[in-house]
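A.B. asks: Here it is, the structure, as structure tokens.
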Amino acid sequence: MILRLAIASLFARALTVGMTILAIALSVALYLGVEKVRTGAKSSFADTISGTDLIVGARSGSVQLLLYSVFRIGNATNNVTWQSYQDIAARSDVEWIVPISLGDSHRQFRVMGTTQDFFEHYKFRQGRSLGLAQGVIMDDLFDTVIGADVATTLGYNVDDPIVVAHGLASFTEHKDQPFRVSGILAKTGTPVDRTVIVSLEAIEAIHVDWQSGAQIPGQSTPADVIRMMELTPKAVTAALVGVDSPLQTFALQRAINEYPEEPLLAILPGVALQELWGIVGIAETALLAVSAMVVVTALIGMMATIFSSLNERRREMAIFRAMGAKPMTILSLLVLEAMLMAAIGAVLGLAFLYVGLMIAQPVLDSAFGLWLPIDAPTMREAIVILAVIGAGAIVSLFPALRAYRMSLADGMMVKT
Amino acid sequence: MRRFSICGAFSKVTPPVLELSEVGFHWPGRTRFALSLSNFTVDKGETVLLLGESGSGKSTLLSLICGTILPHKGTVRVAGTDITMLSGGARDRFRAEQIGVIFQQFNLLPFGTVADNILLPLRFAPDRRKRAGDAKAAAAALCEQLGLPADVFAAKANALSVGQQQRVAVARALIGRPPLIIADEPTSALDANSQIAFLDLLFQQASANDTSLLMVSHDPRLAERFDRVVRMEDIAQITRAAA
């Protein structure tokens, strides 16, 4: 009966109570949304590369190797010689190996030399393969396949010619060997979107007339002559490796790290991604803290509305007292009301989150490659809701204690 | 011996429903208002009108009888129990069990239904709930006796007229037959005709339930209907510091 009266009392003040609940709901939706984006970003990040067991590069740091080989951030300090690459490729426990050659750029995008195996073995978001939005995978020496962002930013279509610059942010362009766009990849939400992919031989081809990073003056080999040349690379930047059985991963990693001919480094992508997330994840935590503060603000707003309602509800409390309610009953009535408001607000917030997710999910996926799964509420969300209800109860204790004291002092006779 | 037997004979008469003796009270804090009262009783089934101007200490006296405030000295006996000896929680329960209260106006929780309001005291008084038997049926019967239409039972209290609200308040005071009903100027919000009708109902129901009635008013015209009329200034002394 008391619960029913509490609900009826809330309904009687529908406008202010509704506003309070709305504030709580929005803040909870914001908090859960940030939490969702945070975990979504984390898993999207972790999904940047999958299916690859080891990444091999010249010896440096694992995060650095991950950054330049997968995220195309920063530069390799050294290369892996073609000899070492072939030694690793020849090992019996290596199922597949894909070379990566970096160092050139096209406008603001990196150019990556690799083999056709890259399209088969590079996986992201739990094993999804690269797909072509238009065109075909390159099969000519001067063909390129470009990422979705490259195509949209630069307005490229299949068969457009493009010129590759030597080095990064460079003005010396390999004008002699114009490439042709043979295919455009579908959006992945990974750094592949911002990459221009050419064959490993093409990287060699554009450097035929170059020595030590500068063009040999007056020398310009025609394209058809280059086609006849031996274009086996002398080195690659890194390699993605898949093993026959996951059990062999660590043995292979040790073997590569102890490779006697050249200082090499093999890393487990998952481990390095986690290490990297530890660095960039701080910003997400700060965002989460800010949205938690928004929830606290909404609860304090609720406290303020309860406080301001106390005076007009003196009469109501006097009636309760006259009918035999203890001051403690009045206190618990107010706390109960606050908990009801917080509970309705929190559950409504969860509903807002799901509605928002349903609307935003496809947009976020296509625009940012951020995939937010719509799952049933987890333990984590349940804990957030319980915490909001608990915090609502604690916050409401302040006005409730005031009402307790008022009802003790007023007795049942209220001078109106 | 004879005198003792007389006393014995007297003691067989039911003890008064309400008995205050040597009560002294002053509000804490800055208001230097103090009330002292040597003796005041209400017998079982008796109807008493307590006349007093505003500021005569009526409200304080009612709070003392209801046990929402405690006297600093003296005893307040309700239905034979000295409520000054009870703990705060026990006094609240005792009030719910033994006293029906009717205010001047705004008696009801506006957001509750009529049924909610009538049944509210039973929520805090298990014994009274038992006395009421089937509480909903008892409430409906009271509504009928008080001339309330049957369909108000489920209506929200604030949908009723003032006169109807006061009758619901009477039903709430009477449910479970508490031995004492305290009414604080229950007619002041009603017009003259409604006042008479309301008092008729109140007296009729009080006597039907064998309930004592202590009504507080400033209006001496009501006096003739009561068994006894007491003036506030005759029973209580009020002292207040000059403002």
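Read-outs: derived from the displayed coordinates by stated rules, not from any lab. The model shown is predicted, which means the values in this text are computed figures rather than measured ones. Note: ideal-geometry Cβ built from the backbone for every residue, glycine included; neighbour counts use all protein chains shown.
A.B. asks: For segment A:269-294 and segment A:77-141, compute the distance between their C-alpha centroids and round to whole Å.
C.D. replies: The distance from the Cα centre of segment A:269-294 to that of segment A:77-141 comes to 29 Å.
A.B. asks: Here's something else I'd like to know. Which value, in debye to the nearest 20, describes the size of the charge dipole of segment A:49-280 about its Cα centre when Lys and Arg Cβ atoms bear +1, Asp and Glu Cβ atoms bear -1, and nothing else is charged?
C.D. replies: It works out to roughly 740 debye.
A.B. asks: Using only Cα atoms and rounding to the nearest 10 degrees, what angle (0 to 90) does helix A:14-46 make with the longest principal axis of chain A?
C.D. replies: Helix A:14-46 and the main axis of chain A meet at about 20 degrees.
A.B. asks: Hey, another quick one. Debye calculation, C-alpha points only, no solvent: report log10 I(q)/I(0) for segment A:49-280 at q = 0.08, 0.18 Å⁻¹, in the same order as the q values.
C.D. replies: The calculated log intensity ratios at q = 0.08, 0.18 Å⁻¹ are -0.28, -1.42.
A.B. asks: In degrees from 0 to 90, rounded to the nearest 10, what is the angle of the helix B:162-174 Cα long axis to the longest principal axis of chain B?
C.D. replies: Rounded to the nearest ten degrees, it is 60.
A.B. asks: For B:S212, A:S308, A:S291, what's the fewest-to-most ordering of other Cβ within 10 Å of each Cβ? Display every interim value, and only then the final one.
C.D. replies: On the way: B:S212 24, A:S308 11, A:S291 19.
Least crowded to most crowded, the residues run A:S308, A:S291, B:S212.
A.B. asks: If you take every DSSP beta bridge fully contained in the protein assembly as shown, what fraction is antiparallel? Give it as a percent rounded to 5.
C.D. replies: Antiparallel bridges make up about 65 percent of those DSSP assigns within the protein assembly as shown.
A.B. asks: May I ask you to sort B:F94, A:F11 by Cβ crowding, counting other Cβ atoms within 10 Å and putting the fewest first?
C.D. replies: A:F11, B:F94
A.B. asks: I would also like to ask the following. Segment A:350-410 to segment B:183-199: how many Å between their Cα centroids?
C.D. replies: Each part reduced to its Cα centre gives a spacing of 50 Å.
A.B. asks: Using amide H atoms built in the peptide plane, which far-off residues or other-chain residues are under 5 Å from B:L18 H to H?
C.D. replies: Under 5 Å from the amide H of B:L18: B:V42, B:A79.
A.B. asks: Let me ask you something else. To the nearest 10 degrees, how steeply does helix A:327-368 sit against the main Cα axis of chain A, on a 0 to 90 scale?
C.D. replies: Roughly 20 degrees, rounded to the nearest 10.
A.B. asks: Sorted from fewest to most neighbouring beta carbons within 10 Å, what does the list B:D127, B:D134 look like?
C.D. replies: B:D134, B:D127
A.B. asks: Given a cut-off of 32 Å, name the pairs among A:K42/A:K234; B:K44/B:K156; B:K44/B:K136; A:K36/A:K187 whose C-alpha atoms lie farther apart than that in the structure shown.
C.D. replies: Flagged as over cut-off: A:K42/A:K234; B:K44/B:K156.
A.B. asks: Next question. Based on the Kirkwood radius over alpha-carbon pairs, what value in µm²/s does the Stokes-Einstein equation return for the translational diffusion coefficient of chain A at 4 °C and 1.567 mPa s?
C.D. replies: Answer, rounded: 50 µm²/s.
A.B. asks: Under the Karplus relation 6.51 cos²θ - 1.76 cosθ + 1.60, θ = phi - 60°, what is the ordered set of whole-Hz ³J(HN,Hα) values for segment A:63-71, x standing for Gly and Pro?
C.D. replies: After applying 6.51 cos²θ - 1.76 cosθ + 1.60, I find 5, 5, 4, 4, 4, 7, 7, 9, 8 Hz.
A.B. asks: Over the residues of segment B:139-184, compute the C-alpha Rg and express it relative to 2.2 N^0.38 Å.
C.D. replies: Details: Rg = 10.6 Å, N = 46, 2.2 N^0.38 = 9.4 Å.
Against the empirical 2.2 N^0.38 Å value, I get 1.12 for segment B:139-184.
A.B. asks: Which of the three applies to chain B, rounded, prolate or oblate, going by the alpha-carbon gyration tensor with a ≥ b ≥ c and a/c under 1.5 meaning rounded?
C.D. replies: Prolate shape, in that a/c is at least 1.5 and a/b is the bigger ratio.
A.B. asks: Distance from the Cα centre of segment B:148-170 to that of segment B:91-109, in angstrom?
C.D. replies: Using only Cα atoms to place each centre, the spacing works out to 17 Å.
A.B. asks: Also: Under 10 Å, Cα contacts only: if you run a Gaussian network model on chain A, which one of A:N75, A:N311, A:N157 comes out with the highest mean-square fluctuation?
C.D. replies: A:N311
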